[in-house]
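Shown next, in structure tokens, is the structure this report addresses.
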Amino acid sequence: MDTILYFAFTAAYILLFVWAFSKQKSWNFMSFIYFVLLGLIYDNGMIAIGKFIGEGPVLENLSLLRFWSHAFLTPTLVLFSWGALNHAGIGWVRKKAVFAAAIIYTLALIAMEIALETWGLELATERQYGVLRYVSAESSSGPPIMVLLVSVVLIAAGILLWKKVGWKWMLIGAGVMTIGSAVQIPVESSAVTNAFELFLLTTLVWTKVHLESKEQN
């Protein structure tokens, strides 16, 4: 069952990427969403085909790239948030100090994730619900701190967008993702919780399309 879900998530992210690109109005900081989508296409795709590749060094090395791409790409959602606020016409975010803070915060999150989670990472096989994948050999109790800190920025940016232009979907997406990550869902699947992540990315792409279309008008 989970194999089908991961293939479905991969297809959904590909469609999101195509939709975002087809609606592209200008290249700006919201365009960082493309890198995040590519990372999620790879992440879900590798999990989906893991059992077909089989246990061994090939799948292990390909899986390691999943963790490195997550470390480098997920923090760029901070820059996406800055770009969204900039497009919404929130003047104070255009100050050099705020822009510099967004860049520094992004780089700090990347460094934090590499130092705490990715560098020297040891992987172990996991067979669960019909899926074969490599996961961290060290047990984890909850989402990495980097993900939580990115979520804080997304929620804050979502609140500001709602107040400034009445657009609430970025806030809803970030809120649903945060709650979904914190709550244990009694379902026999390791893929179901990824639906919250897909919902978040859908709202972010929708936010990009909405703000760029509004700017053209």
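Observations on the structure shown:
- Spherically averaged projected area in nm², based on the convex hull that wraps the Cα atoms of the range 78-122: 3.3
- In percent, rounded to a whole number, the relative contact order of the chain is 26, using alpha-carbon pairs under 8 Å and six or more apart.
- The convex hull of the Cα atoms of the range 1-125, projected and averaged over all directions, covers 9.1 nm².
- Annotation note: chymotrypsin sites (Phe, Trp or Tyr not before Pro) in the range 1-64 located in DSSP loop regions with a Cβ neighbour count of at most 15 within 10 Å are TRP27.
- The range 47-137: GluC sites (Glu not before Pro) falling in loop per DSSP and having at most 14 other Cβ within 10 Å: GLU55, GLU122
- Exposure proxy for MET46, MET170: other Cβ atoms within 10 Å of each Cβ, ordered fewest to most, give MET46, MET170.
- Between helix 77-87 and the chain: long-axis angle, C-alpha atoms, 0 to 90°, nearest 10: 20
- Helix 57-73 axis versus longest C-alpha principal axis of the chain: approximately 20°, rounded to the nearest ten.
- By the count of neighbouring beta-carbon atoms within 10 Å, fewest first, THR74, THR203 end up ordered THR74, THR203.
- Working note: Karplus 6.51/-1.76/1.60 with θ = phi - 60° gives the range 43-56 the couplings 4, 5, x, 5, 5, 5, 9, x, 6, 7, 6, x, 5, x Hz, where Gly and Pro are set to x.
- When both the range 1-44 and the range 94-173 are represented by their alpha-carbon centers, they are found 17 Å apart.
- Along principal axes, Cα extents of the chain, largest first, whole Å: 52, 32, 31
- Between 0 and 90°, nearest 10: helix 2-22 axis offset from the chain longest Cα axis: 30
- Each stretch of four or more DSSP H residues adds -39500 (n - 2.57); spread over every residue of the chain, this sum gives -23000 deg cm²/dmol at 222 nm.
- Residue-by-residue Karplus 3J(HN,Hα) for the range 203-214, coefficients 6.51, -1.76, 1.60, Hz, glycine and proline x: 5, 6, 5, 4, 4, 4, 4, 5, 5, 5, 5, 5
- Using θ = phi - 60° and Karplus 6.51 cos²θ - 1.76 cosθ + 1.60, couplings along the range 150-157 (whole Hz; Gly, Pro as x): 5, 4, 4, 5, 4, 5, 4, 5
We did not get these values from a lab; they are worked out from the coordinates using the rules stated. Fair warning: this is a prediction, and the values are worked out from it, not measured in the lab. Virtual Cβ from ideal backbone geometry, glycine too; neighbours counted across all protein chains shown.
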